[in-house]
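Asker: One structure, as structure tokens, below. Some questions next.
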Amino acid sequence: MLTCDTYLMPTRLGEALHAWSEAPAGSRLVAGATDILPYAREGRGGDVHLPTMIDLSRVAELQGYEVRGNRVRLGANVVYQQFLEDPTLVRLLPNMPSCAVWFADDQIRQQATLVGNLVNASPAGDGLPPVLTLNGEIELARLESGQIATRTMPVADFITGPGRTELRDGEIATAVTVDAMEGYGGSFQKVGMRRSLVISAVCCAALVKTDPSGRIFEDVRLALGGIGPRPIRLYDIEDMLRGQEMTRELVARASLLPADRVASRSRVAYRRAVVSGFIEAAIEDALVALGAPKPTPEQREALHA
Amino acid sequence: MKRKLRGRGVAASWYGIARTATIDRAGAWAELDDGGTGKVVTGVTEIGEGILTLLCQVAAEEFGIKPEQVTIGDNDTARSPEAAHAGATRQTYMIGNSVALACREARGRLFDELADHWDVPVEDLRAFDGFAWAENTNKRMSMAEAVALCKQRGVVPVGSGSFTAHGTGLDPVDGHGSPWQAYVFGTQVAEVEVDTVTGEVQVMGIWAAHDVGRAINPRGVAGQIEGGVVQGLGQALMEDYQTSEGHPVTHGFAKYILPTALDIPEINTTIVEDPDPLSPLGAKGIGEPALVPTAPAIMNAIYDAVGVRIRSLPATPEKVLAALAEKRAHDMN
Amino acid sequence: MPEFDIDFTVNGRPVSRRIDPSLRLLDLLREGLALTGAKEGCGAGECGTCSVFIDGKLVKSCLMPAAKAQGASIETVEGLARPGELTPVQKAFHRTGASQCGYCIPGMVMAATSALRENPDAGLEELKERMGGNICRCTGYTKIIEAVEIARDVVAGKLPQTALDPEGVGASWIGHNTARLDAPSKVSGRLAYAGDMVMPGMLHMQVLRSPHAHARIVRIDTSEAEALPGVACVVTADDVPGEDGFGVFVHDQPVMARGKVRHVGEAVAAVAAESVRIAREALKLIRVEYEELPGLYDPEDALKPGAPVIHDYCPDNVVKHIPVRKGDIEAGFAAADVIIEDEFATQQVEHAYLEPEAGLAYVDHDDVVTVISPSQNITHHRHMLADILARPINKVRFIMSPVGGGFGGKEDMIYQGMLALAALKTHRPIRLIFTREESIACSAKRHPSRTRYRMGLTNDGRITAIEFSLLADGGAYGMSSEGVMRKAAILSCGPYEVDNLKVDTKVVYTNNTPSGAFRTFGGMQAQFATESMMDIAAERLGLDPFEIRRRNMMRAGSLTHTQQKLNSAAIDRVLDAAEASSGWEPGAPTVRGSTRGDLAGPGTRQPCTLGARFATAGADIETVKVAS
């Protein structure tokens, strides 16, 4: 059971930062609040008492998104469902729709925010690998002498381990800024115990761009989640593919590399086995999103024969 | 190897109806009520399976009225006759037959009065869907009028029913005995698709053929089979209550994984009717038997698809992939 | 008590309330506004029984602090149609039989409504995706999805309104698809389950549960808890006036732990208080001193000499052993051309009915102790509770409230006794609602099992002998274990006539969560092994799986494993029906999936690849591109 003494719903960032700096120890920020209520239950956090809950969902500065050149600033209140339904976000962030459709369910996606997912830093968080491929930078605000000050840092550095981040006392994550990737094909692979509302055992995000001929990998970005304390970007595999002719042999060869990156504490053999297949599938699906024909099972079979 | 491989498997099953290796019993009271409506009271009914509706159909048939004209009073140890428990695939068989008997007795009281009034043999009387009539005559009246007539003659058309199923205990040494008087049989075919990258198994189709004796509400029977199949699928592929030194590990539905709408196969039901000769309705039951063959049919289908036999449920993606790896290693040696 | 002022709109009506900011939106709707159509199934956003619209978007109200509804417009299942009317979605649920126990149904109706509001043309795959956050345990979803497709097509004019009408009747109601008479109350959220019921002056119960799997209780001190303002009483085993013990076959379980605890989650004491929150506070003030005992967690260990004894009456930990013998097993194996041996295991399974256990107890004007609960066996519960309370049987009354799913899991009287004791102690009505976690940890499960199997067959596929041995983990209490073993033994070798067999089923006590009744009552564990063996044998002998089953199946006049003569056996007919309807391609089960020609045909679904709605989203992108 979750209990609190005070529930605040600030509407301006300054107000929120002030409330946060004044809040008694043990208080908490929430946006969608879809993580804290399930946490405050038997078998997890048990009965949880929060002196103050500060609900950020009405803070004006955290709403919406803004396209700035080739970057998109996603306010901290952008919820997962927007990545499925907002045509501009669908166009600019090509691997977020398939990530979002795997994330929780339609109802939770109406509440749950991408930035909340980043701040919680779960090793299985579905939003983390695509944000790595999008070169996400998180924006953190704090009060300094009564004025709002911000700093930014790459999400890859921000997340330091399971549930651990570089967020400091008094700071509020206000946005994540990502690359606009129009023209890329995106994809997201995930396996859990079923296909809806389930925690990832392994997930993989990809972004792929081909040259005008459609035969050369102009750019490839890949990241894995669920395989260790934090998600990882696969720069070496990207380098191996970039500028090369797109052959199934090359993709198959590249997909064998990341198995040894699996550093989970459990189900290691399983995750290693899945990862290779996922790299291949992620690249293929991203190419399909760009209009490439889906390889037939026979082509795949010939490849591995 | 193709990433996704399909296969099919079959499993058969059998099951006994009502309480096991003992006498089973259930009671009901019935009354043909004013306005040509019906009143039935019995000790145990709905747990979701649809027995209330089925009892209304049975009462309507016996009373000669419509199901929606039947009111059921139930589920109260101080106000209704004993009908024991809601389980053991006994509701249709035990409660259904006791209600049929009770209603039949109440209708008999009414028919005796009506036969006398019309001066026709009681065997010629019929009632259905709100009307009573005498065969081969022009004598006909609504059930509302018939009940009023019966009461004017000083008789309240009430009845009671007690139905017994004669199971016997098992011999303690060799187990011989006749635990049930009615048995049902079932067979299911499963078609699966196994993802050899993730180990995921999707069940694409189930063809379920079950003997239910007599289907009183075929759509309800299909609903029971579909529910049983999906519970069987859950046990086959994902559900796993785990403890560590007695401490539950799967505390809630985030850890205890149940099938959702995305996990279900197309379910193709065939109802087979082998009526029970020992009971008024001839119906047997379907609640439990529906899920017995599902898990083995799925395991047999996984074997057909990828050649790994899962002997320990559930066949999680991890278990299937590990078995595939073991098989590859074995095949190479 | 902290306060938060909230103004919002519910089903078109403005509402202003001063609330405890700890409330979830679900609590505010159910307790504050008596809108109990939204149910609590899990409290963690995993099941969807609590779905409501907020400003037109469907959300799970158990995941939402009530304060978040400030200024919002909320629509609940009660607001979808005027009283006495139903929406096309609700009518379609009624028409198809989409509601069984009904507990998930208000949420399902809301999810279906949302899916069709978001995309009135959504196809089958998209509908499933959009409803993927709502769990149903009864229906297998099939008739739910059928209903949503019908509603979609009726609204779009592709199906006539009459598609929602009841089916006409012919010459008999027997065999008629009468639409469920209880469906309108379920699809509209009007049906009150035990947890939806309130009585004037009602107290709330919370239960202190064992943190240990096996421990002696040295002492329980409830004085501090009893002194807490708002607490009406605390009950423990000491309050039981009669013969303490319940169970389906052996009365080995006390109403609350007596002297020792035998599994994690066992009830130790219960508090009745003016609110759930006070009752939970009081639980923390109960002091229990335990002395931990060595535990048993594996059924094999329970059988070892010197194993800890869990119940004094049962020094060997064997709850029940059922033997079945027929013919001469040695001769049977001697006559076999092949002998196959194997082992099989099944897991412990949770019933996962969407309605957690709940009950309401009171003492009426005739001094009758009354318990309203979704019990699957009010007859037996009345007998047991009368003994426990040492009262005449007519002074104990059980009323079975609508059961939000049972599957055998609500046959055990695991909480009704505590409620009755507290009602007697306070003479006030009292209600207890389990959390999902409590339900999972404390209710019985399907018995996990291990089966050793030996089967002899002739080369033409006739079974000559079976040796079958099943060991099950009964957990801490007997519950239905004896009956489960009996049914497992009787059904063990499947619908086949086997002349020579030796079957043993055995269940033992451990300190795991108790196992009990669960749909099939041992039948599935046993027949999973048998049906796996039949296919293994078929492959070995090069026989089609249907053929090997036909060669062994029971017929009219067959003797069952317990030597009962069958008057009829429809196994031949169900085998034929399944083979024909599936278009089965004959052949031995030799891993022939890659070559068989009967796959992916009629009666199969599409593979689930998430993203069915992208087709529509993609169309939008094209529009955007053209416009820019």
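Asker: Using the Cα centre as the reference, give the magnitude of the dipole from point charges on the C-beta atoms of the range B:23-165 (Lys, Arg: +1; Asp, Glu: -1; all else neutral), rounded to the nearest 20 debye.
Answerer: 80
Asker: Two-decimal Rg/Rh of the range A:185-304 from alpha-carbon positions, Kirkwood Rh?
Answerer: Using Cα coordinates only, the ratio equals 0.96.
Asker: Turning to a different aspect of this structure: Could you pull out every residue, at least 5 positions away or on a different chain, whose amide H is within less than 5 Å of the one on A:Leu2? Hs are placed 1.01 Å off N in the peptide plane, and Pro or chain starts have none.
Answerer: A:Val48
Asker: As a footprinting exposure proxy, order C:Arg137, C:Arg152, C:Arg428 by other Cβ within 10 Å, with the fewest listed first.
Answerer: C:Arg428, C:Arg152, C:Arg137
Asker: Just the number, please: Stokes-Einstein D of the range C:265-339 in µm²/s, Kirkwood Rh from C-alpha pairs, 4 °C, 1.567 mPa s.
Answerer: It comes out at roughly 72 µm²/s.
Asker: Distances longer than 25 Å among the Cα atoms of chain A: what percent of all pairs is that?
Answerer: Tail of the P(r) past 25 Å holds 50 percent of the pairs.
Asker: Whose amide H sits under 5 Å from the amide H of C:Ser401, counting only residues 5 or more places off or on another chain, with H placed in the peptide plane?
Answerer: C:Ser373, C:Ser375
Asker: If the limit is 25 Å between Cα atoms, which of C:Lys410/C:Lys502; C:Lys395/C:Lys487; B:Lys151/C:Lys186; B:Lys284/C:Lys502; C:Lys445/C:Lys487; B:Lys255/C:Lys39 go over it?
Answerer: Working: C:Lys410/C:Lys502 33 Å; C:Lys395/C:Lys487 34 Å; B:Lys151/C:Lys186 36 Å; B:Lys284/C:Lys502 29 Å; C:Lys445/C:Lys487 16 Å; B:Lys255/C:Lys39 21 Å.
The pairs that break the limit, which is 25 Å between Cα atoms, are C:Lys410/C:Lys502; C:Lys395/C:Lys487; B:Lys151/C:Lys186; B:Lys284/C:Lys502.
Asker: Using the alpha-carbon centroid of each, what span in Å lies between the range A:138-196 and the range B:109-159?
Answerer: Using only Cα atoms, the two centres lie 80 Å from each other.
Asker: Can I ask one more? Across the residues of C:373-382, average count of Cβ atoms on other protein chains within 10 Å? Don't skip to the answer; put the middle values down first.
Answerer: Details: counts 0, 3, 6, 6, 5, 12, 9, 2, 2, 3.
Mean shielding count: 5.
Asker: What are the residues whose amide H is under 5 Å from the amide H of C:Leu35, where those residues sit 5 or more places off or on another chain and H is modelled from the backbone?
Answerer: Those qualifying (amide H under 5 Å, at least 5 residues apart or on another chain) are C:Arg30.
Asker: Count the net charge of all other residues whose Cβ sits under 13 Å from the Cβ of B:Val120, scoring Lys and Arg as +1 and Asp and Glu as -1. Kindly include the intermediate steps, with their values, before the conclusion.
Answerer: Details: positive: B:Arg126, B:Lys139, B:Arg140; negative: B:Asp112, B:Glu113, B:Asp116, B:Asp119, B:Glu123, B:Asp124, B:Glu135.
Net of charged neighbours comes to -4.
Asker: While we're on this one: Explain nothing, just compute: Karplus ³J(HN,Hα) = 6.51 cos²θ - 1.76 cosθ + 1.60, θ = phi - 60°, for every residue of the range A:131-139 in order, whole Hz, x for Gly and Pro.
Answerer: 5, 5, 5, 8, 6, x, 10, 8, 10
Asker: Among B:Met238, A:Cys204, C:Ile548, whose Cα lies farthest out toward the positive end of the dipole of the protein assembly as shown, if unit charges sit on the beta carbon of Lys, Arg (+1) and Asp, Glu (-1)?
Answerer: In the protein assembly as shown, that residue is A:Cys204.
Asker: What's the ranking of A:18-26, C:47-55 by average number of surrounding C-beta atoms within 10 Å, highest first?
Answerer: C:47-55, A:18-26
Asker: While we're here: Answer with one residue from C:Thr562, C:Gly601, C:Trp173: the one whose Cα lies farthest towards the positive end of the charge dipole of chain C, charges on Cβ with Lys, Arg +1 and Asp, Glu -1.
Answerer: Final value for the positive-end residue is C:Trp173.
Asker: On to the next question. Checking the a/c ratio against 1.5 first, then a/b against b/c, what shape does the Cα gyration tensor give for chain C?
Answerer: The shape class here is oblate.
Asker: Positive end of the dipole of the range C:395-441, charges at C-beta (+1 Lys, Arg; -1 Asp, Glu), about the Cα centre: which of C:Met418, C:Gly404, C:Ser439 has its Cα farthest in that direction?
Answerer: The listed residue farthest towards the positive side: C:Met418.
Asker: Net charge around C:Arg592, counting only other residues with Cβ within less than 14 Å of its Cβ (Lys, Arg = +1; Asp, Glu = -1)?
Answerer: Here the count lands on -4.
Asker: What does the range A:2-58 give for Rg and for Dmax, in Å, if only its C-alpha atoms count?
Answerer: 11.5, 37
Asker: With each label point set 7 Å from Cα along the Cα-Cβ vector, what nm distance links C:Cys314 and B:Glu326?
Answerer: Roughly 3.2 nm, to one decimal.
Asker: Send over the Kirkwood Rh of chain B, from the inverse of the averaged 1/r over different Cα pairs, rounded to one decimal Å.
Answerer: 22.7
Asker: Convex hull over the alpha-carbon atoms of the range C:1-125: what's its volume per residue in Å³?
Answerer: Convex hull volume per residue, Cα atoms: 113 Å³.
Asker: Taking the Cα centre of the range A:62-179 as origin, sum charge times position over the Cβ atoms of Lys and Arg (+1) and Asp and Glu (-1), and report the length of that vector in debye to the nearest 20.
Answerer: Approximately 160 debye in magnitude.
Asker: Would you kindly calculate the translational diffusion coefficient of the range A:73-216, applying Stokes-Einstein with the Kirkwood radius from alpha carbon pairs, for 37 °C and a viscosity of 0.692 mPa s, and quote it in µm² s⁻¹ without decimals?
Answerer: The diffusion coefficient I find is 208 µm²/s.
Asker: Taking only the alpha carbons of the range A:1-116, what extent do you get along each of the three principal axes, in Å, biggest first?
Answerer: Rounded to whole Å, the extents work out to 43, 35, 16 Å.
Asker: A follow-up question, please. So how do C:96-109, B:3-16 stack up, highest first, on mean other-Cβ count within 10 Å?
Answerer: Details: C:96-109: 30.4, B:3-16: 26.1.
Peptide ranking by packing, descending: C:96-109, B:3-16.
Asker: What three numbers, in Å, describe the spread of the alpha carbons of the protein assembly as shown along their principal axes, ordered from the longest?
Answerer: Computed over the Cα atoms, the extents are 97, 75, 75 Å.
Asker: Mean projection of the alpha-carbon convex hull of the range B:207-333 over all orientations, in nm²?
Answerer: Averaged projected area of the range B:207-333's Cα convex hull equals 11.2 nm².
Asker: Return a whole-number percent for the relative contact order of chain A, with Cα pairs under 8 Å and 6 or more residues apart as the contact set.
Answerer: Taking the mean separation of contacting Cα pairs over the length of chain A, I get 15 percent.
Asker: Let me ask something else about it. Could you state the number of Å between the C-alpha centres of the range B:278-333 and the range C:48-62?
Answerer: Computed from Cα coordinates, the inter-centre distance equals 37 Å.
Asker: Under the definition of partner shielding as Cβ atoms of other protein chains within 10 Å of a residue Cβ, what is the mean value for peptide C:392-403?
Answerer: 4
Asker: Turning to a different aspect of this structure: Give me D for the range B:23-165 in µm² s⁻¹, whole number, from Stokes-Einstein with Rh from the Kirkwood sum over alpha-carbon pairs, 25 °C and 0.890 mPa s.
Answerer: Answer, rounded: 163 µm²/s.
Asker: Sum -39500 (n - 2.57) across every DSSP H segment of at least 4 residues in chain B, then divide by the residue count to get the 222 nm mean residue ellipticity, nearest 500.
Answerer: That comes out to -9500 deg cm²/dmol.
Asker: Ranked highest first by the average count of other Cβ atoms within 10 Å around their residues, in what order do C:231-243, A:56-68 fall? Show your work: numbers first, answer last.
Answerer: Working: C:231-243: 18.8, A:56-68: 16.9.
Top to bottom by mean Cβ count within 10 Å: C:231-243, A:56-68.
Asker: Still on this structure, please answer the following. Which ³J(HN,Hα) values in Hz, rounded to whole numbers, follow from the phi angles of the range C:570-578 under the Karplus curve 6.51 cos²θ - 1.76 cosθ + 1.60, where θ = phi - 60° and Gly and Pro get x?
Answerer: In residue order, the calculated couplings are 8, 4, 4, 6, 6, 4, 4, 5, 5 Hz.
Asker: Just to be sure I understand: of the beta bridges DSSP finds with both ends in the range C:1-149, what percent are antiparallel, rounded to 5?
Answerer: On the way: 14 of 16 bridges.
Looking only at bridges with both residues in the range C:1-149, the antiparallel portion is about 90 percent.
Asker: Using each residue's phi in the range C:384-401, evaluate 6.51 cos²θ - 1.76 cosθ + 1.60 at θ = phi - 60° and report the 3J(HN,Hα) Karplus result to the nearest Hz, with x for Gly and Pro.
Answerer: Values, residue by residue: 5, 5, 4, 5, 5, 8, 6, 10, x, 5, 7, 9, 10, 10, 10, 10, 8, 6 Hz.
Asker: On average, how many beta carbons from a partner chain sit within 10 Å of the beta carbon of a residue in A:270-280?
Answerer: For peptide A:270-280, the averaged partner shielding equals 4.
Asker: Counting every Cα pair in the range C:482-628, what percent are over 26 Å apart?
Answerer: 50
Read-outs throughout are calculated quantities, based only on the coordinates presented, and are distinct from any laboratory measurement. Keep in mind that this is a model prediction, so the values were computed, not measured. Positions of Cβ are generated from backbone atoms using ideal geometry, with glycine treated the same way; all protein chains shown enter the neighbour counts.
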